[in-house]
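Trainee: Below is one structure. I have some questions about it.
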Amino acid sequence: MPRQSLRIPSVCALAGVLLLIPAFGVAALTTTGSLGEVAYAVYAPDWTWQKRDINVLVVLDNHGPRTADVYVGLVFPSRKADHFVYSGDTETVIQALPGESTRYAFTNIQARDGVPRQIYDFALTFSCGGVTTRVPYAVRTIRGAAVNSGQWALYVPLAIALVWSLVFACVLPRLAGRGAWRRPGEAVKSAEDREAWIDQTPA
Amino acid sequence: MDRPDTGLEQGAPRPWSLRPARLGLRTVMLLGTGSVIASFYIGTGDISIGTNMGAQFGYRLWWTYFVLGIAGWALIDMSVRYFLQFGKTPMSMFKDVHPVFTLYMFLAVIVCATFGSYNQWAACAMVVTGYVPDVSIELGGALASLCALLFLLTGAYKRLERVFVVGLIALLLCLFGSALMIGIDWGEAARGLVPNRPGKGWRPLFMSNAGSMINAWLILIYPYTMIERRWFSDRLQGKVNILHRARIDYGWGILAAGVVALPLMAAASAVARPFGILPRSYMDLSILLEPLAGRWSTYLFLGGLFLAAWTAGVGWWLCGCYALLDIFNLPIKLNSRPMRAALVLFFIPSTVMLLLRINPVYQMLLFSAFLAVVFPVIGLVMLWRITRPDMGYFRWSPRTAQGAVIIAADVFAILLSVYIGWVQIGALFIRR
């Protein structure tokens, strides 16, 4: 068999694709700001499927010499809070230690289905040492799974595949010999132009 | 009295007594088929399970990849030994037993390849939608699967191997690059290699990983790649050499799955575990990487995910088509008309299923459990076949150390797969 090599053009093409990736921004909220000596950053996806969870991550960096108590609140869109399922706290006070980075997350905020898909205006409020700021956070919902999670996520695709197997059963036998599916295939013959190492006998 | 058929000529060497020819470094480094095998293992299943393990238990379940890898290796080895002894393709084993097994395999192949590939296209679509939100999941997935179809329709086997080698190296670079930006706790990772039970919830993950690593009929693929490469010999020494070379090859493929799990566990352990987040969305997980490791970490993670999913999707189709060609005694050849017909037939349902929009992370955990249910039948048929006396030089024989190790590995693999299948049947169809 001829020697295989990783050809330069394919490596270059791959490198080119990888270098192109940062040209697109990953769809997400990334906001940074500061409350006096405490810098904050918020990371969260800006779209979600209905019936799926989103998580909002808050990172606080205290550049000051003293511990700072930072109030962080998650504000749901007005009159639409019931479009989401969330059982955690919507506000908390985080102790940001001097010179350290502290993370906090509002987790498992699930968008309900059965409501029109839309853009929701969430917000995060930060308060520290008398300084308050509000970070708007828009989340777009898109259509979620057509079947409920759980076993239906297995059974529905399974049923589609089983039904489709009838199509395979109609097409493939036409290309094969009669009753081929029941007969074991012919044995493979040794190739004439096989690679040298195959028949080498150890010294 | 008739002498029983042992598949051996009189005066032939004792089983497992021949030494294989030494392989040069260059031969060992040609990891083409190994990379194709790796692509089956490194897909959304590996990523979903690895990230969930990392989010719940850190590195502590890393050992499962290697224990299950031994079983996966032994199962591939059985199909290769059968092929080398008789020159017959894997489906002949099932036809030898009873046609009902051929029907079972026919349905299992179609269901698994359709299901498995659909999951990969859905994962590709999530990455595409993450970058360009206006591209719908259906369109993103359809584009990914269309690229795969065109690639396979126009491709030759050797080119496919080259692409997979490049893809595997790239995805390893992407995922390790992403994880190294966060920092891998090497000490914890080393401790994760020691088998342990880290707490409640580890068993379902282990079962899903078994479905992913033992991987149902995918373990039968290797002989097809050998036919494409013309790795067959009528001479016993040639067979021994091929087996030796092939073992390195699929050993590398399985090892790659375990290696790739490390950066996934590292990422999930760092970003999801502190908050009790169970990763159910690749996008969410990748975004959480950014504050810890910077924007490039997110890009690399998504790039690695896309490569893993796309190559695994191609792998599922390829395996499905080879197995179907084998069932109908059609030529095992990538650039043949029946192969093209089968590829198009797989493209249609796996793309239509994108309309269901089932989350691939969630579905892969379920599907892996389903695979674990499908497999024991295949494993038992293989065990029956390779323990028959006509296996000749490659038969079970405890007289040499290699023969004894092979018996132990085969028994371990079958017992493990039967046990996992039994537990999963209860979990999927009885207790729920």
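Any read-out appearing in this document is the output of simple, stated calculations on the displayed coordinates, not a laboratory observation. Given the structure is predicted, the values throughout are model-derived calculations rather than measurements. Quick reminder, even Gly has a Cβ in these numbers, built from the backbone with ideal geometry, and neighbours come from all protein chains shown.
Trainee: Can you sort B:Cys319, B:Cys147 by how many other beta carbons sit within 10 Å, fewest first? Numbers along the way, then the final one.
Mentor: Working: B:Cys319 27, B:Cys147 15.
Arranged by neighbour count, lowest to highest, B:Cys319, B:Cys147 become B:Cys147, B:Cys319.
Trainee: Grab the Cα-Cα distance for B:Arg159 and B:Ile248, subtract it from 0.36 nm times how many residues apart they are, and report the gain in nm with one decimal.
Mentor: Additional length available on full extension: 29.9 nm.
Trainee: Still on this structure, I have one more. At A:Cys170 and B:Leu107, where each label point lies 7 Å from the Cα along Cα→Cβ, what is the point-to-point distance in nanometres?
Mentor: According to this spin-label approximation, the distance is 2.0 nm.
Trainee: Follow-up. Find, among the trypsin sites (Lys or Arg not before Pro) in segment A:71-128, those assigned to loop by DSSP (not H, G, I, E, B) with at most 10 other beta-carbon atoms within 10 angstrom.
Mentor: A:Arg79
Trainee: Can you compute the modelled spin-label distance between B:Arg399 and B:Leu150, with each label point 7 Å from Cα toward Cβ, in nm?
Mentor: Distance between label points: 5.8 nm.
Trainee: Could you give the nm distance between label points at B:Trp186 and A:Thr132, where each point is 7 Å from its Cα heading toward the beta carbon?
Mentor: Modelled inter-label distance: 5.1 nm.
Trainee: Could you please rank B:Tyr41, A:Tyr155, B:Tyr393, placing first whichever residue has the fewest other Cβ atoms within 10 Å of its Cβ?
Mentor: A:Tyr155, B:Tyr393, B:Tyr41
Trainee: Separate question: Give me the angle, in degrees from 0 to 90, between the Cα long axis of helix A:8-20 and the longest principal axis of the Cα atoms of chain A, rounded to the nearest 10.
Mentor: Computed tilt is about 20 degrees.
Trainee: Take the alpha-carbon centre of segment B:170-191, take the same for segment A:97-160, and report the distance between them in whole Å.
Mentor: Value for the Cα centre distance between the two parts: 28 Å.
Trainee: Now for a different question. Going by how many other beta carbons lie within 10 Å of each one, how would you line up A:Lys189, A:Lys51, B:Lys95, fewest first?
Mentor: Fewest-to-most Cβ neighbours within 10 Å comes out as A:Lys189, A:Lys51, B:Lys95.
Trainee: Indicate the helices, whole DSSP H runs only, in chain B that combine a mean Kyte-Doolittle hydropathy of -1.0 or more with a Cα extent along their long axis of 18 angstrom or more.
Mentor: B:44-57, B:63-86, B:99-131, B:137-154, B:157-182, B:236-271, B:295-327, B:337-352, B:360-386, B:401-425
Trainee: Between B:Ser281, B:Ser269, B:Ser368, find the one with the highest GNM mean-square fluctuation for chain B; connect C-alpha pairs within less than 10 Å.
Mentor: B:Ser281
Trainee: Between helix A:152-175 and chain A, what is the angle of the helix's C-alpha long axis to the longest principal axis, kept within 0 to 90° and rounded to the nearest 10?
Mentor: That works out to roughly 20 degrees.
Trainee: Based on the Cβ-Cβ distance from A:Trp152 to B:Phe412, what FRET efficiency comes out when R0 is 45 Å, to the nearest 0.05?
Mentor: In this case the efficiency is close to 0.80.
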